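Data first, discussion second: the structure below is written as structure tokens.
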Amino acid sequence: MTPTGVIGIGLLAVTVLAALPALVLFAELLAAALQSERSDEASAVARADRHEPIAVLMPAHNEAEGLAPVIAAVRAQLRSQDRLLVVADNCSDETAALARAAGAEVTERFDAVRRGKGYALDHGVRWLERDPPAVVVIVDADCIVARAALERLAAACLATGRPVQALYLMHAPAGAGLGLRIAEFAWLVKNKLRPLGAAAFGWPCQLMGTGMAFRWELLRTAPLASGHLVEDMQLGLDLAAAGRPPLFCPQALVTSAFPSDADGARAQRTRWEHGHLSVIAAIGPRMLARAVAGRSPALLGMALDLMVPPLAALVLTLASLGPIGAAWWAFAGDPWPLVTAAAGLALLGAAVMLAWWRDGRRIVALNELLGLPLYVAAKIPVYVQLFTKRQIEWVRTKRDGGRR
């Protein structure tokens with residue numbers, strides 16, 4: 001084979017690998033568009049009566065501002081045998097005192113070296129070992145748990161023995177600009193529509209960091225103590241590989257708001273996207289190989305879902321391969337890399353329109369979707385930093401008011 005032929009095959013292979021996530025994304029969003037939000041398995045068990053105790057585990061770092069309504073929403077759903085444990089982790093404010101005053105059980109943790117949510121969760125689990133519950137529901141300290149969400153999560157978890165993930169949505173603050181509203185739309189695609197579509201195929205869902213329910217015996221031995229940037233995603237993959245893939249329960253809703261502070265929002269997106277891309281590179285191919293070798297459709301589906309990068313990264317990748325494919329066609333007369341990149345972009349565009357038609361119309365107007373290229377372009381520095389100044393440590397998101 002000539003060197004030109006080798007280069008052509010290599011370029012086509014790279015383009016196919018880049019376009020495959022667009023196909024997976026399109027398939028998930030098409031399946032979501034064709035079904036309701038009802039998850040039969042989770043819904044049926046959510047009506048069951050519950051007698052077993054649950055514990056809500058809430059890691060909190062300097063969350064004094066805004067903590068009271070979060071605790072109130074949780075306590076309103078607890079029964080007499082249930083408990084709420086707040087882990088005040090490396091706090092320099094009044095988080096612990098305010099949590100106690102609001103009626104929560106509190107344990108404080110101070111460790112300047114082992115920092116991050118995973119360590120706080122592990123500390124909380126060790127605390128709960130004194131009187132273990134049947135189910136632990138993890139809720140972040142900046143999230144509001146909607147009515148009946150805890151009961152639905154606990155019932156589904158008890159009935160199936162699997163980890164159960166609530167629907168976790170983030171909203172742009174009132175009066176937010178187009179950038180934050182597009183971020184809200186992208187979040188809805190990732191955390192609602194894609195899991196709905198994956199469930200239609202019988203695939204597990206990824207864990208989302210909050211609104212997660214676990215049987216005690218499963219969480220007690222889980223590898224929580226880490227500073228991984230996306231510890232929730234890592235935990236879900238570990239549990240799926242161990243035969244306990246997470247179940248999506250869209251009837252249980254947990255919500256929070258994007259920081260209106262520009263630096264805070266930027267730091268949050270950087271942490272998520274660097275972590276996600278790092279997991280894809282480090283774990284994705286291995287999970288795919290394991291799923292194929294083990295002939296596990298569930299694990300294969302979860303691996304394919306994992307391999308879909310953040311929307312902006314996927315757009316930039318395919319958009320970059322387009323001109324390269326066009327140049328190759330002009331040079332070597334081979335159109336297939338360009339055709340493949342164009343097909344990937346077309347699938348991606350169709351997927352975005354499906355998501356907008358189903359749920360995105362209330363967030364952004366159709367003409368405002370024209371601002372999507374600007375949203376994508378704004379992510380370029382985030383991906384440049386992945387190679388020049390990658391975020392490798394957990395850093396708490398700067399919230400409104402400058403607190404961390």
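The values are calculated or read from the model by the stated rules, or taken from the named source; none is laboratory data. This one's a predicted model, so the numbers in the text were calculated from it and none came from an experiment. All Cβ positions, even for glycine, are placed from backbone atoms using ideal geometry, and neighbour counts span all protein chains on display.
Could you figure out which of (1) over 27 Å from Ala55 (Cα atoms); (2) touching a helix residue (DSSP H, G or I) at 6+ places or on another chain (Cβ under 9 Å); (3) part of a loop (DSSP other than H, G, I, E, B) isn't true of Ala174?
(2)
Are any residues in the range 192-208 modelled with pLDDT under 95, surrounded by 21 or more Cβ atoms within 10 Å (Cβ to Cβ) and not aliphatic (A, V, I, L, M), and if so, which ones?
Once the filter is applied, which keeps residues that are modelled with pLDDT under 95, surrounded by 21 or more Cβ atoms within 10 Å (Cβ to Cβ) and not aliphatic (A, V, I, L, M), the range 192-208 yields Trp203, Pro204, Cys205, Gln206.
Let me spell it out: the conditions are (1) at pLDDT 90 or above; (2) assigned to a helix (DSSP H, G or I), and Ile182 meets all of them except one. Which number is the exception?
(1)
Would you confirm whether any residue within the range 196-211 is at negative phi and either among the charged types (D, E, K, R) or assigned by TED's automatic domain parsing to the domain that holds Ala378 (or both)?
Checked the range 196-211: no residue is at negative phi and either among the charged types (D, E, K, R) or assigned by TED's automatic domain parsing to the domain that holds Ala378 (or both).
Condition first: outside any helix (DSSP H, G or I) and under 18 Å from Leu196 (Cα atoms). Now tell me which residues in the range 332-366 satisfy that.
Residue satisfying the conditions is Asp359 alone.
Just to check your reading of the model, which residue among Leu78, Leu84, Leu121, Leu57 is surrounded by fewer than 21 Cβ atoms within 10 Å (Cβ to Cβ), closer than 19 Å to Trp216 by Cα, of a type outside the set (Lys, Arg) and in the same structural domain as Val254 (by TED's automatic domain parsing)?
Answer to the selection: Leu78.
For Ala96, which of the numbered conditions (1) assigned to a helix (DSSP H, G or I); (2) at pLDDT below 95; (3) over 25 Å from Glu217 (Cβ atoms) fails to hold?
All conditions pass for Ala96, except number (2).
Part of a helix (DSSP H, G or I) and modelled with pLDDT of 80 or more: which single residue out of Ala252, Ala240 fits that description?
Result of the check over Ala252, Ala240: Ala240.
Looking only at the range 18-38, how many residues end up being part of a loop (DSSP other than H, G, I, E, B) and either out of contact with any Pro (no Cβ under 6 Å at 6 or more places or on another chain) or at pLDDT 90 or above (or both)?
4
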